[in-house]
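Peer 1: Before I ask anything, let me first share the structure, which is written out below as structure tokens.
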Amino acid sequence: MSGAFRIPSAGRLKQAKTARFSFDGQSYTGIEGDTLASALLANGVHLVGRSFKYHRPRGILSAGAEEPNALVEIRRDAARRTPNVRATVQELYDGLEAQSQNRWPSLSFDVGAVNDIASPMLSAGFYYKTFMWPKAAWKSLYEPRIRQAAGLGVSPDKPDPDHYSSRYAHCDVLVLGGGAAGIAAALAAADAGVRVILADEQAEFGGSLRFEAAAKIDGQDGFSWAQAAVARLSAMDNVRVLSRTTAFGYYAQNFVGLVERVSDHLKNPGHDLPRERLWQVRAKRVVLASGAIERHMVFADNDRPGIMLAGAARTFLNHHGVAVGRNVGVYTANDSAYSAAIDLKKAGVNVAAIVDLRDNPTGPVIDEARALGIEVNFGRAVIRAGGKLRVNSMTVQPKNGGGERTVPVDAILMSAGWTPSVHLFSQSRGKVAFNDETKRFVPGIYAQDCVSVGACNGTDGLSASMDEAYAAGAKAARDASAGDLGAKAGKGTKPKVDASESWSRGMLGAAPGAGPGTTVKAFVDFQNDVTAKDIRQAVHEGMRSIEHVKRFTTNGMATDQGKTSNMHGLAIAAETLGKPIPAVGLTTFRAPYTPVTFGAIISHARGPLFDPTRKTAIHPWAEAQGAVFEDVGQWKRAWYFPQAGEDMHAAVGRECVAVRTNAGLFDASTLGKIEVVGPDAAKFMELLYTNPWEKLEPGRCRYGIMLREDGFIYDDGVVGRLAPDRFHVTTTTGGAPRVMNHMEDYLQTEFPHLNVWLTSITEQWAVIAVQGPKSRDIIAPLVEDIDVSDEAMPHMSVREGRICGVPTRLFRMSFTGERGFEVNVPADYGQAVWEALWAEGQKHGATAYGTEAMHVLRAEKGYIIVGQDTDGTLTPNDAGLDWAVGKKKTDFVGIRGLTRPDLIAKGRKQLIGLKTKDPKVVLEEGAQIVEDPKQAIPMKMIGHVTSSYWSQNCGRSIALAAVAGGRDRMGDTLYVPMPDGVIEVEVTGMVFFDETGGRLNG
Amino acid sequence: MLLIRCPYCEEERPELEFRNAGEAHIARSADIAGDSDDDFEKFFFIRSNPKGIIYERWRHIHGCARFFNAVRDTITDKFVMTYKAGEPKPSKLPNNSNDVVAK
């Protein structure tokens, strides 16, 4: 037997297919097709959790995604622990392990429940008001304690071993919600032949047909019709049917995010299946058929386990075959709860009494309830529930006061009416309208190409809903697809409703007994423990807008997003403010509709796939040599090449000395490279760089500076002129894409008259820098048809020819201050040429050096790195590069910016060199510089250190800095205050090694 | 994610393929070096930042790589129309933005 509360004659599950599961270590038996909630209820378990703030015992409120209380942890293994799973959504599988949350030491005895007794001190805004002083205690004392005491489940502490998948999809008509209306809309569209996607969050389609026992469509019971209709849709080539799939976000232009739960319901998912699949759907038309959510009654202690929504009790009975009690009470303000009472009574459950707040309602369900012998009370209220871990009574009183009567019950089914589920509509930026007559917010002004049908549109009755949905589905197909397909829309057979149930209205806000002036705990928002009193208090304390009330009380801010609580909260606030509901306004619904795992969103984009990794052609060689790599943008660059026993400091020192003594090989392939080609190439270069280019002879190179229009340095690099109409431009490694974008922008929009082509060639050429006194000796034997003598190929020249039999663009240039070459070869030959150069280099004592040595060597020469020594606020003059600005030029990008008053003012920060008085002390990059270390704090900072290294070649530390009026301070002593003392420094020029530059020319 | 129609590709493509490039129809002076401080301020710093219709530049950077102009409503984010770089600012906007973008 799968639980004492299972009624074999009721429900649709196959009794034989049992499934074992455990909850808090206790073993139970359920049936395949159960949710964890229905299986627990079948075993008489109502107490499943503790509340967020007061740690009150909580049960199962609903049978669906709106569940605020029954949040549990599902555990497959140590790494697969999922907290905050709604028991009403989790499907049962054999072996499922669940645990309750937010309780200690046990669910039935929770120490935290002291908060419930202390609740007068824990009212709305308590945290804001109580933990104000002392300020310092917030971080050290209050916040950690509050975080520990409050909260829901515990996050898993191991990496997620599951994998997730992601798909894009396009369709003509996307139908969200697979109840009667959604299916009808999908049928109408699908029969026209347009591409349709139908999605529903449940395992089985049917929506409220799961519990509406009286519904009959096309001669079958409603639920069977739904299964048959969806089976027909599934078989159609133009239809994709997605069950267990929640539309969580509705974004711009009918872009909808859905999450499909692929394997959380399986006993052994296996690693072939993803856990979840993210669908990113672009639909021409969207049909919203998201239904309605039942509201609870707001009365004292309405959160006791055993008190639940009437519709949920019907689902548990009519679908799962589970009675939620043996002696149930019903508390309602509308008709639909009667149907629950009738169904339960017919199934053999005693219905102790129906308490109806309405004075003299009439209708077939009321008559039927009476005919079945159920006690029906009008104009009465349940003013409190008895029991603690499980409800054991309800106390009934005439709604205007009078004698109380206590009725023993073991469950209370409640219904205050149904709230149209306008979440997705609201997310689509549609504006809801308040229907004064039905007291409902329904879709008003649409912002996107979508339509709402059925209960979410405020349409009452199965027949009306399906008619509306079928027409809307046909129209969506017509609108989405012109021509033949569209014309066929809606020409199929429309489903015919033979019998249905009708739901009349209900009430909003607190019920009698929980009204103004009362101090009872009548919960509005179960998940965040917000009571009717809290909302009134928020208004009394000055909150006027519903947005403020929401934030002050946290009503509707829990993971259930106020699906059951929003309207009650709004009604109580409106009543307290004395304003009509629409004047107080509904809060905006935001994505996600229900919580979405990070795994589904990031899918495979994690770990090594989080961001592309770029590797140069020479990367494998460096790896084999044991290089340590650093990340430079997306590139992996060899940082240094430690030999046995060397730390970074020793390796970098050795590499720096070797380059200046013999030679070094450096992989410079990551440098950005752009080819500027065309009859107007020189004109274009004149406009994009500060330097003059027209007169640069082919075969020569020039160091170029690129500015933004504001006059600040944007990028730099050596440019070689290969031919009158062809420039090989290099950029900084990190700057390559934005420089290309900057160039394209000007070429396409400001200077479109220039006949120029730009091509990114960064990845086409591998670049091997060979630097040092012996560099020419190393390359000479390998180079064909290029004269590499100093006379034929001086510093800053470029030649095209061959090396090791492959084409090369050979640059004579230097970022080290030594005689140097940069050998560009097609990337495919990069490693082969490197290895040839390396072999040759071994004869001359060459070393491989990494980016750290490259940085030190260039700093020894005072060569700047854009982005390190400049920060977007330095001009060429500030950087000591005035010589690179063409004085006779009449236009280049930045020419006007450079003459702005502030850019030519005295006292600007200028790049200079710094030597610490103690040569062993290496300054910290970013450290601030002051004139007088004895001045009061806050000191006046006049600059900062931009580059700082130990220089083995100089035998001391060296640094570059940007200092106000720096070039007028040569020889001055400045100070760098640090936490452990003030460092004295002397202002020097930027060149620390080979000041005359003689080594460049060999 | 927005759909943006590239006037060069003549196709609607997802926003991921595009990059915004600031306000449109701000001409760089042919004699920029001679611009007064006020002129340069207007050209370089002052932007309209409207609530409503904005004329702006976009680039189909992960597509044809062309810069183009777009008219967008900053309240709804909707693209009213797009047109090629260098074309004049439209004097009249279409009544129904959806029709224009879809065609």
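Peer 1: So which helices of chain A fit the span-like rule, where a helix is a whole DSSP H run, its Cα atoms reach 24 Å or more along the axis, and its mean Kyte-Doolittle is at least 0.0?
Peer 2: Flagged H segments: there are none.
Peer 1: On average, how many beta carbons from a partner chain sit within 10 Å of the beta carbon of a residue in A:248-256?
Peer 2: Partner Cβ neighbours, averaged per residue: 3.
Peer 1: Another one. For residue A:906, list the aspartates and glutamates whose Cα falls under 14 Å from its own Cα; do not include residues on the same chain fewer than 8 positions away.
Peer 2: A:878, A:968
Peer 1: Of the options A:520, A:372, A:930, report the single residue whose Cα projects farthest towards the positive end of the charge dipole of the protein assembly as shown (beta-carbon charges: Lys, Arg +1; Asp, Glu -1).
Peer 2: The residue sitting farthest along the positive end of the dipole is A:372.
Peer 1: Mind checking Rg over Rh on the range A:929-978, alpha carbons, Kirkwood formula for Rh? Mind showing how you got there, number by number?
Peer 2: On the way: Rg = 12.3 Å, Rh = 12.1 Å.
We get a ratio of 1.01 for the range A:929-978.
Peer 1: Which links in A:861/A:917; A:673/B:42; A:909/A:940; A:550/A:579; A:158/A:563 stretch past 25 Å when you go from one Cα to the other?
Peer 2: Values: A:861/A:917 20 Å; A:673/B:42 34 Å; A:909/A:940 14 Å; A:550/A:579 17 Å; A:158/A:563 32 Å.
Exceeds cut-off: A:673/B:42; A:158/A:563.
Peer 1: Quantify how much of the Cα-Cα distance distribution of the range A:313-390 extends past 19 Å, in percent. Before the final figure, lay out each step's value.
Peer 2: Values: 1032 of 3003 pairs.
The calculated P(r) of the range A:313-390 puts 34 percent of pairs beyond 19 Å.
Peer 1: What whole-number value in cubic angstrom gives the convex hull volume per residue for the C-alpha atoms of the range A:667-850? Please report the intermediate quantities before stating the final value.
Peer 2: On the way: hull volume 20.5 nm³, N = 184.
Cα-based convex hull of the range A:667-850, divided per residue, equals 112 Å³.
Peer 1: I would also like to ask the following. Over all distinct alpha-carbon pairs, what is the Kirkwood Rh of the range A:236-362 in angstrom?
Peer 2: Value: 18.4 Å, from the Cα pair sum.
Peer 1: Here's a follow-up. With runs of 4+ DSSP H residues as the only contributors, calculate the mean residue ellipticity of chain A at 222 nm using -39,500 (n - 2.57) per run, divided by the residue total and rounded to the nearest 500.
Peer 2: On the way: 25 runs with 212 residues, N = 1002.
It lands at -6000 deg cm²/dmol.
Peer 1: Pull out a ≥ b ≥ c, the square roots of the eigenvalues of the alpha-carbon gyration tensor of the range A:859-1001, then state rounded if a/c is under 1.5, prolate if not and a/b is larger than b/c, and oblate in the remaining case.
Peer 2: Working: a/c = 2.38, a/b = 1.30, b/c = 1.83.
Oblate.
Peer 1: Hey, another quick one. If the cut-off is a Cα-Cα distance under 18 Å, which aspartates and glutamates reach residue A:53, setting aside same-chain residues fewer than 8 apart in sequence?
Peer 2: Filter leaves A:67, A:110, A:116, A:143, A:301, A:303, A:525, A:529, A:534, A:560.
Peer 1: Still on this structure: Using the crude model of +1 on Lys and Arg Cβ and -1 on Asp and Glu Cβ, and no other charge, please compute the dipole size for chain A relative to its Cα centre, in debye to 20.
Peer 2: The dipole magnitude comes to about 2460 debye.
Peer 1: Then there is this: Would you please give the residues with an amide H less than 5 Å from that of residue A:31, counting only those at least 5 places away or on a separate chain, with H modeled from the backbone geometry?
Peer 2: HN-HN under 5 Å from residue A:31: A:19.
Peer 1: Relative contact order, percent, of chain A when contacts are C-alpha pairs under 8 Å separated by at least 6 residues? Don't jump to the answer; show the numbers that get you there.
Peer 2: Details: 2453 pairs, mean separation 89.6, N = 1002.
Value for chain A: 9 percent.
Peer 1: Please name which of A:350, A:773, A:618 has its Cα lying farthest along the dipole of the protein assembly as shown towards the positive end, using unit charges on Cβ (Lys, Arg +1; Asp, Glu -1) and the Cα centre as origin.
Peer 2: About the Cα centre, the residue reaching furthest to the positive side is A:350.
Peer 1: Sorted from fewest to most neighbouring beta carbons within 10 Å, what does the list A:623, A:276, A:686 look like? If you can, show how the numbers build up before the last one.
Peer 2: Values: A:623 13, A:276 25, A:686 19.
Ascending Cβ contact count within 10 Å gives the list A:623, A:686, A:276.
Peer 1: Please give every one of the lysines within straight-line cross-link reach of residue A:774, meaning a C-alpha to C-alpha distance under 16 Å, and leave out same-chain neighbours fewer than 8 residues apart.
Peer 2: A:843
Peer 1: A follow-up question, please. Using +1 on the beta carbon of Lys and Arg, -1 on that of Asp and Glu, and nothing else charged, what's the dipole of the range A:755-907 about the Cα centre, debye to 20?
Peer 2: Numbers: 16 positive and 21 negative charges, 113 e Å.
Dipole size: approximately 540 debye.
Peer 1: Okay, moving on. Using alpha-carbon positions, what is the distance between the centroids of the range B:31-70 and the range A:384-463, in Å?
Peer 2: 52
Peer 1: Percent relative contact order of the range A:601-739, based on C-alpha pairs within less than 8 angstrom and at least six residues apart? Walk me through the numbers before you get to the answer.
Peer 2: Values: 195 pairs, mean separation 25.4, N = 139.
RCO, the range A:601-739: 18 percent.
Peer 1: Another one. Looking at the protein assembly as shown, I'd like the Rg to Rh ratio, where Rg is from alpha-carbon atoms and Rh is Kirkwood's inverse mean 1/r. Walk me through the numbers on the way to the answer.
Peer 2: Numbers: Rg = 37.1 Å, Rh = 34.7 Å.
Result: Rg/Rh = 1.07.
Peer 1: Please rank A:346, A:636, fewest neighbouring Cβ atoms within 10 Å first, as an exposure proxy.
Peer 2: Values: A:346 14, A:636 18.
With the sparsest Cβ surroundings first, the list reads A:346, A:636.
Peer 1: Please state the relative contact order of the range A:667-850 as a whole percent: Cα pairs under 8 Å, 6+ residues apart? Walk me through the intermediate numbers first.
Peer 2: Working: 363 pairs, mean separation 41.1, N = 184.
It rounds to 22 percent for the range A:667-850.
Peer 1: Let me ask something additional. Output needed: percent of Cα pairs per 5 Å distance bin for the range A:508-597, bins running from 0 to the one holding the longest distance.
Peer 2: 3, 16, 28, 27, 16, 7, 3, 1, 0
Peer 1: Residue farthest toward the positive end of the dipole of chain A, with Cβ of Lys/Arg at +1 and Asp/Glu at -1: which of A:955, A:815, A:474?
Peer 2: It is A:474.
Peer 1: While we're here: Compute the normalised compactness of the range A:843-913: alpha-carbon radius of gyration over 2.2 N^0.38 Å, N being the residue count.
Peer 2: Numbers: Rg = 16.5 Å, N = 71, 2.2 N^0.38 = 11.1 Å.
Against the compact-globule rule of thumb, the ratio is 1.48.
Peer 1: Can I ask one more? So if I place +1 on the C-beta of Lys and Arg and -1 on the C-beta of Asp and Glu, and nothing else carries charge, what would the dipole magnitude of the range A:667-850 be about its Cα centre? I want it in debye, nearest 20.
Peer 2: 340
Peer 1: Taking neighbour counts of Cβ atoms within 10 Å as a proxy for exposure, in what order, fewest first, do A:543, A:648 appear? Mind showing how you got there, number by number?
Peer 2: Details: A:543 22, A:648 13.
The most exposed by this proxy come first: A:648, A:543.
Peer 1: List the pair-distance distribution P(r) of chain B, using every Cα-Cα distance, as the percent of pairs falling in each 5 Å bin from 0 up to the bin containing the longest distance, rounded to whole percents.
Peer 2: Using 5 Å bins, I get a P(r) of 2, 12, 22, 22, 18, 11, 7, 4, 1 for chain B.
Peer 1: Find the lysine pairs in the range A:416-518 meeting two conditions, Cα atoms under 27 Å apart and a separation of 8 or more places or different chains, and report how many there are. Show your work: numbers first, answer last.
Peer 2: Working: A:431/A:439; A:431/A:475; A:475/A:488; A:475/A:491; A:475/A:494; A:475/A:496; A:488/A:496.
Within the range A:416-518, the lysine pair count is 7.
Each value in this text was obtained by applying a stated rule to the coordinates, not by laboratory testing. A quick note: this is a predicted structure, and the numbers were derived from the prediction, not measured. Cβ: placed from backbone, ideal geometry, glycine included. Neighbour counts: every protein chain shown.
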